[in-house]
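For reference, the structure is listed below as structure tokens.
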Amino acid sequence: MFRSEKKRSLILMAASACAAAVFIMPMLYDIINLGNETGLAVCAVLFLYGMFFGKVNELIRRLWDQHAGKIVLSVLGAVIGVFAVLAVVLGFLMISGAYKTPQEKSTVIVLGCDVIGEDPGPMLKERLDKAYEWLMEHPGNECIVSGGLEEIGDAVEAKAMKNYLVKRGIAEDHIWIEDYSHSTYENLLYSGKIISDFDLNPVMTIVTSDFHEYRALDMADSLGFKAGSVPSHTAWWLMPTYYVRECAGILHWWWFGW
């Protein structure tokens, strides 16, 4: 019995340590957000549980034998169950958003993210490469690069995005800059204003990361735009961090509407 408990303890500690390593990897590229912060916090709790596996289980057994303890554990279990179901539902929505077929004639909206110096970061480069492929396959479509965030020492997102696409061969006069937005909702709101002001095609093709498409499409729909998705692939070592972050982003959007 002792050996079996020890084995489970070691497996839990090893699994949580490996998971923590995946959440730490994006930090090597200065990617620190709610996703990896939350992931590391959960991994730390699981690691500590593994360290004190026997003692924690004994405490749980003692609490379960008490009426108040049974209520607390039942509520805690229900909360964990709700979050587990919610995580699955949100994951399904993220996947579904990445498969909304775009129209060939549309205005391409590329959503900004991390910039390192003057160049797009790893995730933004993936989005821009996907936008480049789509624009080359569908010549004549206008493109709006959207993002106004600017960290100290880094270029404004939209300007770095335009420079990247121009260097790859996209005609400069087909690229519009939207450099005021500081959120996904503002990306689409201000891009929509450019579409309206300059009489561009009101149908959007949203180019963003695969996990991000659902929320972007839902926001575009709330603003009255018809939109399809051209998702970029997210590297495996970035996905856990951004999946957790996007879950929070979707819940924030549902609750606050922005």
**OP:** With a 1.4 Å probe and every protein chain left in place, work out the accessible area per residue of the chain in Å², rounded to a whole number.
**Re:** 56
Subject >> Matching label, semi-axes √(5λ) of the Cα gyration tensor in Å computed from the structure shown, candidates (i) 25, 23, 18; (ii) 33, 20, 16; (iii) 43, 20, 14 >> reply: (iii)
Subject >> Normalised contact order of the chain, rounded percent, pairs of Cα under 8 Å and 6 or more residues apart >> reply: 24
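Can you give the charge dipole size of segment 185-258 about its Cα centre, rounded to the nearest 20 debye, using +1 on the beta carbon of Lys and Arg and -1 on the beta carbon of Asp and Glu?
100
Using Cα pairs under 8 angstrom and six or more residues apart, how large is the relative contact order of segment 100-176, in percent?
RCO, segment 100-176: 37 percent.
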**OP:** Starting from the Cα of His182, step 7 Å along the direction of its Cβ; do the same at Ile80; then give the gap between the two resulting points in nm.
**Re:** 3.9
**OP:** Just order 130-139, 5-14 by mean Cβ neighbour count inside 10 Å, highest at the front, would you?
**Re:** 130-139, 5-14
**OP:** State, to one decimal in nm², a quarter of the convex hull surface area for the C-alpha atoms of segment 153-258, i.e. the direction-averaged projected area.
**Re:** 7.8
**OP:** May I ask you to derive the FRET efficiency for Met136 and Ser96 from their Cβ-Cβ distance with R0 = 22 Å, giving the value to the nearest 0.05?
**Re:** 0.25
Original post:
Where the only charges are on Cβ atoms (+1 Lys, Arg; -1 Asp, Glu), what is the dipole of the chain about its Cα centre, to the nearest 20 debye?
Top reply: 1700
Original post:
DSSP beta bridges in the chain, what fraction antiparallel, as a percent rounded to 5?
Top reply: 10
**OP:** Could you calculate the contour length gain from Lys193 to Asp221, that is, 0.36 nm times the residue separation minus the distance between their Cα atoms, to one decimal place in nm?
**Re:** 8.6 nm
Subject >> Relative contact order (percent, whole number), segment 200-258, Cα cutoff 8 Å, 6+ residue spacing >> reply: 36
**OP:** Rank Val56, Val108, Val230 by mean-square fluctuation in a GNM of the chain with C-alpha springs under 10 angstrom and give only the top-ranked residue.
**Re:** Val56
Original post:
Any idea how many Lys pairs in segment 81-187 come in under 19 angstrom at the alpha carbon, given 8 or more places apart or on separate chains?
Top reply: 9
Original post:
Points 7 angstrom from Cα along the Cβ direction at Val88 and Ile11: gap in nanometres?
Top reply: 2.1
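Return the carbon/sulfur percentage of the accessible area of the chain, one whole number, probe 1.4 Å, all protein chains in place.
Here it works out to 65 percent.
The values are calculated or read from the model by the stated rules, or taken from the named source; none is laboratory data. Being a predicted model, the structure only gives us computed values, none of them experimental. Ideal geometry is used to build each Cβ from the backbone, glycine not excepted, and the neighbour counts take in all protein chains shown. Please note that ligands, DNA and RNA were not included when accessible areas were found on the heavy atoms of the full protein model with its side chains. Shrake-Rupley method; radii C 1.70, N 1.55, O 1.52, S 1.80 Å.
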